[in-house]
Protein chains: 2
Amino acid sequence: MTERVPVRENVLKENDRVAAGLRAAFGGRGIFCVNLISSPGAGKTSILEGTLEALRGSSVRAAVLTGDIQTERDADRLRRHGFPALQITTGGTCHLDAAMVRRALDSLPLDGIDVLFIENVGNLVCPASYDLGEDVKVVVLSVTEGDDKPLKYPGIFRRAGLMLLHKMDLLPHARFDPAAAVADARRVQPDLEVVETSCYGAPGLGAWIAWVQRRLEAKRAAEPHAQP
Amino acid sequence: MTERVPVRENVLKENDRVAAGLRAAFGGRGIFCVNLISSPGAGKTSILEGTLEALRGSSVRAAVLTGDIQTERDADRLRRHGFPALQITTGGTCHLDAAMVRRALDSLPLDGIDVLFIENVGNLVCPASYDLGEDVKVVVLSVTEGDDKPLKYPGIFRRAGLMLLHKMDLLPHARFDPAAAVADARRVQPDLEVVETSCYGAPGLGAWIAWVQRRLEAKRAAEPHAQP
């Protein structure tokens, strides 16, 4: 039992090394990379389906890596929307790590990609510790999960740049105080941005998609030597 | 990285040893022990609140150990219902293990207890691997999480004896096929029992509470030398 901490530290150090390589690769190509993290069933895949469908008509070219313990279901769903999507099946591991992402990119060429969405394994705890080379971690909190989650799972909220308050269409049926959830999340991460979303009915995904496009443009403006 | 598997195996072997001691302690006292596992926000704490409130008027004496990464909120909620409840704050660890339960029992005497509920950390992955000495693992799947979860997170469904299909009051608003979820769960665990529950409106918690009482009586009947 005494070995646990050092082994975990070494694993995380090695992960950070691989993640730094990924970050450099994304930066060199001007790719904006989002690491999407939530509980199982918070709505990550549905959000990505709606996002890809909306981007289909724009100049932004997207790609998705989607992680799951088992099944190829999410990639099957995502591939219907006109962009490449690759499943990473972790076979029991409760999070994605940078090495899994690096291996997956052998089968998902980055050329011509503007935004890479990485959909993590559904887990509000472990994925928070693993840097995947992303520009930003986005935590999805659905209103059916309860407004007490930011203080109960502070790790991911502390590391996130954006929180999507999702399934807002179900708010009338849920016991959820959005103001309390936002206040608690900002107690652990004062700079956290918040966008309200839903896949069925208002407010939709428009504000989230606009946020992605703004962040992509900002990255391109800050790194003018990158492609295209 | 190559050390990871053996270390994990040793940790699990040590956990199994401690769990066997807990199981013997529960058995010797005729205590029926439930290990409740779900995603964050599936409704474990609310189910336990309703369960304790219902048991208050019965002859069954309950106690709760509730695990969280951070905060004492759940134990605060649970203590209002007339039974002892103790928080285990894991401080970052994504699951309860048997040693945490054993330590907690120093502060929660088992004498006179009939049913011990252990509310695990909200996580559909890691808690499945850790035996806590329980009689049964109960997985809670809320209908707002999507019916694809049993095949995407098979580990916990394989090890569970009962699945609570929860938040059934929200079914009219959710895109969830209960028959598909049950069929998929039974593909990984053919003997899985299923009970539909809700905390607000029908069907309520009655069938679940009756299930607990039947299992307690069956354990007492099978181990006649145990207390009360």
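Before moving on, here are some points about what is shown:
- Summing both sides, the accessible surface hidden between B and A at a 1.4 Å probe radius is close to 3400 Å².
- All Cα pairs of region A:95-139, percent lying beyond 11 Å: 70 percent
- Enclosed volume per residue, in Å³, of the convex hull spanned by Cα atoms of region A:149-194: 66 Å³
- Per residue, the accessible area of chain A comes to 39 Å² when a 1.4 Å probe rolls over the protein heavy atoms.
- Once Rg and the Kirkwood radius are both taken over the C-alpha atoms of region B:30-107, their ratio Rg/Rh works out to 0.94.
- Over every Cα atom in region B:1-59, the radius of gyration and the widest Cα-Cα span, Dmax, amount to 17.2, 54 Å.
- For region A:28-55, heavy-atom accessible area (probe 1.4 Å) falls by no less than 30 Å² from the chain alone to the full protein assembly at A:PRO40, A:GLY41.
- Heavy-atom surface analysis with a 1.4 Å probe gives region B:1-66 a carbon and sulfur content of 53 percent of its accessible area.
- Karplus (6.51, -1.76, 1.60) ³J(HN,Hα), θ = phi - 60°, over region B:186-197, in Hz, Gly and Pro reported as x: 6, 5, 8, 8, x, 8, 4, 8, 9, 10, 8, 9
- Chain-alone versus full-assembly comparison, region A:83-132, residues with accessible loss of at least 40 Å² (1.4 Å probe): A:VAL125
- Local electrostatic count at B:PRO203 - Lys and Arg +1, Asp and Glu -1, tallied over other residues with Cβ under 12 Å: -1
- Percent breakdown of C-alpha pair distances by 10 Å bin, ordered from the shortest bin, for region A:147-228: 17, 38, 31, 11, 3
- Shape analysis of the protein assembly as shown yields a ratio of the Cα radius of gyration to the Kirkwood radius, Rg/Rh, of 0.98.
- Pseudo-label separations to other copies for B:ARG80 - Cα-to-Cβ vector, 7 Å, nm: 4.3
- Sparse packing (at most 16 other Cβ atoms within 10 Å of the Cβ) combined with a DSSP loop state is found for the following GluC sites (Glu not before Pro) in region A:43-121: A:GLU72.
- Placing one equal scatterer on every Cα of region A:68-148 and applying the Debye formula, the log10 ratio I(q)/I(0) at q = 0.11, 0.21 Å⁻¹ is -0.32, -1.16.
- Value of relative contact order over chain B, rounded to a whole percent, pairs C-alpha under 8 Å and six or more apart: 24 percent
- Each Lys or Arg adds one and each Asp or Glu subtracts one; over the other residues with Cβ under 15 Å from the Cβ of A:ASP131, this totals +2.
- Carbon and sulfur %, accessible surface of region B:121-162 computed with the full protein complex present, 1.4 Å: 37 percent
- For chain B: Kirkwood Rh in Å [reciprocal of mean 1/r, alpha carbons]: 17.9 Å
- Computed E for A:ALA218/A:ASP177 - FRET, C-beta separation, R0 30 angstrom, nearest 0.05: 0.40
The values are calculated or read from the model by the stated rules, or taken from the named source; none is laboratory data. The model shown is predicted, which means the values in this text are computed figures rather than measured ones. Don't worry about glycine lacking a Cβ; one is built from the backbone with ideal geometry, like all the others, and counts go over all protein chains shown. Each accessible area value is taken on the protein alone, full model and side chains, heavy atoms only, with ligands, DNA and RNA left out. Shrake-Rupley method; radii C 1.70, N 1.55, O 1.52, S 1.80 Å.
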